[in-house]
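Working notes for the structure below.
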Ligand code: MV4
């Protein structure tokens, strides 16, 4: 069934909302932005054809409110909702509500989200298949003494993971049986707080693995393809910082084998849309399924650059019921792409988030450079949302040249007003372990110390400028407070819907 989508409500903010709006424009699809009180002047709001104020400052009262989002969609006559990533993107109940309201949810069906959202259900589903799982339980464990016996059977070290989790939340490594009980309780508590679900399960802890994930696309006619892998081993606090495609350790044979496993995972849950299958790869090139993310991911651009596809376009076409326009054998990766995430975090100070006004955001350009950002000069990075400022992606014909291009791009990049991970990205691009391709998920703890940051001239100047600007703006803010009351925002009607007049 082909159902043309004419208007999409983008239930997100920042760079991913901007990213989705861009593709919609190219496809001639109208867009509706939504925004919280503090995002009134944000880029995604300016770029959309219409914008609806959700009210509220915190996520819970804005981008996480399914009622407000559905009301906004109804009011603007949108026929589909794109959830982006984060927020409600992997919330099966939200997907269900969207469908029940007669709207298209741009993503998989609620059943697929639910199946993969529960990590034990996913493991159970795949336990009889050819997809290799990390050794461990396929059910959650509740009795501590029984769980301890199971852990001993698996062999320490083990990981206690949250059944409702993913992304490392609630996870505890246990090396010594004596620490098991405490770790399990901690994991259960963290899971209860984060997901409202205290169930945990046990896996063998694989040491020094690489995190390799496969992008898949599945249409509503049962066709599934994979778009090769992304290497995502460079992370801290389970937050990726540098990703690349392809991985420098996969042989064509291993790529094919893992790709096949990834498509099998997608088939097992009757997947539809764009999704990602995460694997761990050990030193002996054995791979294990970890989890499936049922959304578009932050790092999707590296896949776009090596395949030439627009993943948001594919998502929309699939949601319209169109068959995939290509088969696996049509897909050939070309060249190499690297993504550096630019966060408002201080690499000199344990990557603590830095909030404040981004006075100046000067982005690099030229051959093979892509910058995805939702930031405009003068925008505030607040405590309410993710502190990611942008994603800098470079492409070139091979890895060595993509790295050289990234170094050049990082030199051109400057942000003032907040500390950023830019100097850290420079550190990675110049590190022998990264350059040789011989690194794993422990890269940062193994190799990084703040005193190894070599601030380039431009980074130093930018850092000094940041300090100076902060002083000036601190002073201005004090006098600003007096003017605020008389300032109006004429571009918004009190009704909350803002129609942009074009031409
Ligand atoms: C693991 C693992 C080792 N063994 N599972 C992290 C995020 C989530 N997707 C699963 N993760 C991991 N699961 C087994 N059985 C290693 C990771 C992992 C990791 C663990 C500790 C510190 C940093 C890490 C970075 C990436 C992956």
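Nothing in this text is a laboratory measurement; each read-out follows from the coordinates by a stated rule. These figures come from a predicted structure and were not determined experimentally. Please note: Cβ atoms are built from the backbone with ideal geometry, for glycine as well, and neighbour counts cover all protein chains shown.
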(request) Sort 272, 4, 58, 240 so that the residue with the fewest other Cβ atoms within 10 Å of its own Cβ comes first and the one with the most comes last. (result) 4, 58, 240, 272
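Would you work out if segment 1-96 is rounded, prolate or oblate? Take a ≥ b ≥ c from the square roots of the eigenvalues of the alpha-carbon gyration tensor; rounded if a/c is under 1.5, else prolate when a/b is larger than b/c, oblate otherwise. Display every interim value, and only then the final one.
Numbers: a/c = 1.60, a/b = 1.19, b/c = 1.34.
Verdict is oblate for segment 1-96.
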(request) Could you tell me the distance between the Cα centroids of segment 1-50 and segment 83-143, to the nearest Å? (result) 26
(message) For a test of the definition: using alpha carbon positions, the gyration tensor, and the 1.5 limit on a/c, classify segment 214-453 as rounded, prolate or oblate.
(response) prolate
(request) Starting from the Cα of residue 179, step 7 Å along the direction of its Cβ; do the same at residue 156; then give the gap between the two resulting points in nm. (result) 0.9
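DSSP beta bridges in the chain, what fraction antiparallel, as a percent rounded to 5?
Details: 63 of 77 bridges.
Percentage antiparallel, nearest 5: 80.
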(request) Counting helices only, and only those DSSP H runs with n ≥ 4, report the 222 nm mean residue ellipticity of the chain as the sum of -39,500 (n - 2.57) divided by its residues, in deg cm²/dmol to the nearest 500. (result) -10500 deg cm²/dmol
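Over segment 214-453, what is the mean sequence separation of C-alpha contacts under 8 Å (at least six apart), divided by residue count, expressed as relative contact order in percent?
Working: 451 pairs, mean separation 49.0, N = 240.
Relative contact order comes out at 20 percent.
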(request) Quote the relative contact order of segment 299-362 in percent (integer), defining contacts as alpha-carbon pairs under 8 Å separated by 6+ residues. (result) 30
(request) Could you check the simple spin-label distance between residue 270 and residue 435, using points 7 Å along Cα→Cβ, in nm with one decimal? (result) 5.3
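Considering Cα pairs under 8 angstrom that are at least six residues apart, work out the relative contact order of segment 352-415 and quote it in whole percent.
On the way: 86 pairs, mean separation 26.8, N = 64.
Here the relative contact order equals 42 percent.
Where does each of 261-268, 245-252 land if you order them by average Cβ count within 10 Å, highest first? Mind dumping the intermediate values first?
Working: 261-268: 21.6, 245-252: 17.5.
For the peptides 261-268, 245-252, the packing ranking is 261-268, 245-252.
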(message) 7 Å from Cα along Cα→Cβ at both residue 101 and residue 61: what's the point-to-point distance in nm?
(response) 2.0
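Based on the alpha-carbon gyration tensor of segment 79-141 and its eigenvalue square roots a ≥ b ≥ c, which shape applies: rounded if a/c is under 1.5, prolate if not and a/b is larger than b/c, or oblate? If you can, show how the numbers build up before the last one.
Working: a/c = 2.84, a/b = 2.69, b/c = 1.06.
The shape class here is prolate.
Need one number: convex hull volume per residue for the chain, Cα atoms only, in Å³. Mind dumping the intermediate values first?
Details: hull volume 80.3 nm³, N = 503.
Output value, Cα hull per residue: 160 Å³.
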